[in-house]
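The block underneath contains the structure these notes are about, expressed in structure tokens.
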Protein chains: 2
Amino acid sequence: MSLLDSLPERVHVVEMLPRDGFQRLDEFVPTDEKVEIIDALSETGVDEIEISSFTHPKAVPTLRDADEVAKRITRRDGVTYRALVPNLRGMERAVEAEVDKVNALVTVSETYTRKNQNRTREEVLAEMDDIVDLAHDHGIEVEAGMGTSFYCPYEGAIDPAETLAVVDSVVDSGVDEVTLATTMGLANPVEITERFTAAFDAHPGLDMGLHLHDTNGMSLANTLAAMAVGVDRFDASVCGLGGGVVLPGDMSGVGNTPTEDLVQMLERMGVGHGVDFGRIEAAAHDVSDRLGLGLTSHVLAGGTVEGVLDTVAADQEVD
Amino acid sequence: MSLLDSLPERVHVVEMLPRDGFQRLDEFVPTDEKVEIIDALSETGVDEIEISSFTHPKAVPTLRDADEVAKRITRRDGVTYRALVPNLRGMERAVEAEVDKVNALVTVSETYTRKNQNRTREEVLAEMDDIVDLAHDHGIEVEAGMGTSFYCPYEGAIDPAETLAVVDSVVDSGVDEVTLATTMGLANPVEITERFTAAFDAHPGLDMGLHLHDTNGMSLANTLAAMAVGVDRFDASVCGLGGGVVLPGDMSGVGNTPTEDLVQMLERMGVGHGVDFGRIEAAAHDVSDRLGLGLTSHVLAGGTVEGVLDTVAADQEVD
């Protein structure tokens, strides 16, 4: 039996740049430019866009314009606009902003939770019921975004039992979806397979996603492993820009998986995804140019069938 | 059923730097330095090393010292020393050099074959019987290394029927192993699965390997897909240095998969490989320093669990 027998027909691609990417930059991207970029991303065919984070402006100053961004973007039919909410106060702002969905953050690592949210994990989980109730009262979907589901920069490897305990807790709170995040980009395909399998075994039919970072270069292999066990939603960021705000030291390598690289793999494999590859490639070039990022993905560097053949053709004209 | 049910217990890692890497450089690496690097690689635990290419010195001047390299390296027990041979003349030199194994090159693409070997594919395949006979007369194993098994820089996508036809031909010639090469680094996990499955179906029990390039970033996903259908030998190059000598234009992105990234994935997944990860990591840093390559792999850039935790610890001391 091969991999191909268990691939999903269609997966959902979630664009994280406006939250995971912009939060990682030192510079504040002007609201006008954020809106332009999000509106362009809305035209690429991605199913969801995480537009910002309703966190305290002092905690993540680069996303202090979250409410304004939510107000000014053009909502395109068929695209789910979601935002990160770290607590009930954030959920209240999300209601005001009329997003379609929230990414309710909980991190499995106790140490990371204290540093990132200044609370215990128990306190964060205890608030989840109220977040879900408030969201559902307003027709907003809730995804529990589980940071440090595999590795923590402070605690190292996370015990799978801890990850499953948090899945159990958020499912009890009534969330609609659960996403395991490789916050450190250090997970491998066996860990991906085992943790998702454990979650599906405990909660058959649970709607699960994978939030991808690529520190170790295994994120597309992890995508493959996840699809093979039934995961059909993947968070990525154009140009691979992204990373947690409390990552220590020079963690510039902890980027997200580039959306254009993820989409290229899905496209070439024949897995449905709804994205127009040419448009996401163009969006990546545009974002790279605007933010001066350079060639931070394989697609940006010309690593596509068309890119390679174009290079060949240009070379042969010179010969 | 998940991926994990079909993973091999143990795979073979083949180090390609001395051939695929050194041929790609503009500068000639002095023979002394080549010998030092190969001897260091012999201590890492890799099963095989492709030490050079017995091609015409004018065709690949950077490997013109192949005979000398073969003579001067220290042969370590348990390591298979192999060399590329593009034709019968190369095979004769390989016999003189007393290598353990040869990588008998054939490229599926007719256009690439003409440019690279200045012959038709039929001519190359016709010579394979004599190469195998000569090799076996001297107790030398023969692997058919099938370049452009998926994509060609001149012809684009290669018809799977063409790839299978070449497999059939080299098996008829009596080769011991067959390796499909993603020369352009553009293959995806579905193509990997399908072409190996077709070859195994036609030749049950055939010993097959995958030669990895990473232009599209899918090479570790391809490794996973290949392992899932029974491939247990993988060609990689420390620092990812490598690429065909007749690749056109600025194809600097067509690197091999870095051995250290491949080994890290196998190690973290618990797939046996025989390599000492610390030693291959050190070898990669050494080669990168000697050749001034920079941080060309995820491992070199610190993308390991230990690398990340070390960065954190250093940062916390500063706090």
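The values are calculated or read from the model by the stated rules, or taken from the named source; none is laboratory data. Small disclaimer: the values here were computed from a predicted structure and weren't measured. In this analysis, Cβ positions are derived from the backbone assuming ideal geometry, glycine residues included, and neighbour counts consider all displayed protein chains. Protein only, heavy atoms only, side chains kept; ligands, DNA and RNA dropped before computing areas. Shrake-Rupley method; radii C 1.70, N 1.55, O 1.52, S 1.80 Å.
For the stretch B:193-227, heavy-atom accessible area (probe 1.4 Å) falls by no less than 20 Å² from the chain alone to the full protein assembly at B:Thr193, B:Thr215, B:Asn216, B:Gly217, B:Met218, B:Leu220, B:Ala221, B:Leu224. In nanometres and ascending order, the distances from the B:Gly278 label point to those of the other copies are 5.4 (point 7 Å from Cα along Cα→Cβ). Pairing the Cα long axis of helix B:189-202 with the longest principal axis of chain B, what angle in degrees results, from 0 to 90 and rounded to the nearest 10? For B:189-202 against chain B, the angle is about 40 degrees.
Between this copy and the others, label points of A:Ala313 are 5.3 nm apart in ascending order, each placed 7 angstrom from Cα in the Cβ direction. Sorted from closest to farthest, the other copies place their B:Gly139 label points 8.0 nm away, with each point set 7 Å from Cα along Cα→Cβ.
Restricting attention to the protein assembly as shown, the count of lysine pairs at 8 or more positions apart or across chains with alpha carbons under 22 Å apart stands at 12.
The chain B residue nearest the rotation axis shared with chain A, using its Cβ and rounding the distance to whole Å, is B:Ala221, 2. With coordinates expressed along the principal axes, the C-alpha atoms belonging to the protein assembly as shown extend over 79, 48, 43 Å, beginning with the largest.
Surface analysis of the protein assembly as shown yields an accessible area of 36 Å² per residue, using protein heavy atoms and a 1.4 Å probe.
Bridge orientation summary for the protein assembly as shown: considering DSSP beta bridges with both residues in this region, about 10 percent are antiparallel. With respect to chain B, whose longest principal axis is taken over its alpha-carbon atoms, helix B:219-228 is tilted by about 70°.
Using a probe radius of 1.4 angstrom, the carbon and sulfur fraction of the accessible surface of the protein assembly as shown is 45%.
Would you tally the net charge around B:Glu68, using a Cβ to Cβ cut-off of less than 11 Å, leaving B:Glu68 out, and scoring K and R as +1, D and E as -1? Mind dumping the intermediate values first?
Working: positive: B:Lys34, B:Arg64, B:Lys71, B:Arg72; negative: B:Asp32, B:Asp65, B:Asp67.
Value of the local net charge: +1.
Kirkwood analysis of the stretch A:1-101, using all unique Cα-Cα pairs, places the hydrodynamic radius at 14.3 Å. Compared with the dominant principal axis of the Cα atoms in chain A, helix A:305-318 is inclined by about 30°. DSSP assigns beta bridges within chain A; of those with both partners inside it, close to 10 percent run antiparallel.
When you restrict to C-alpha pairs under 8 Å that are six or more residues apart and normalise by the size of chain B, the relative contact order lands at 19 percent. Cα convex hull of chain A: mean projected area in nm², to one decimal? About 16.7 nm², averaged over all directions.
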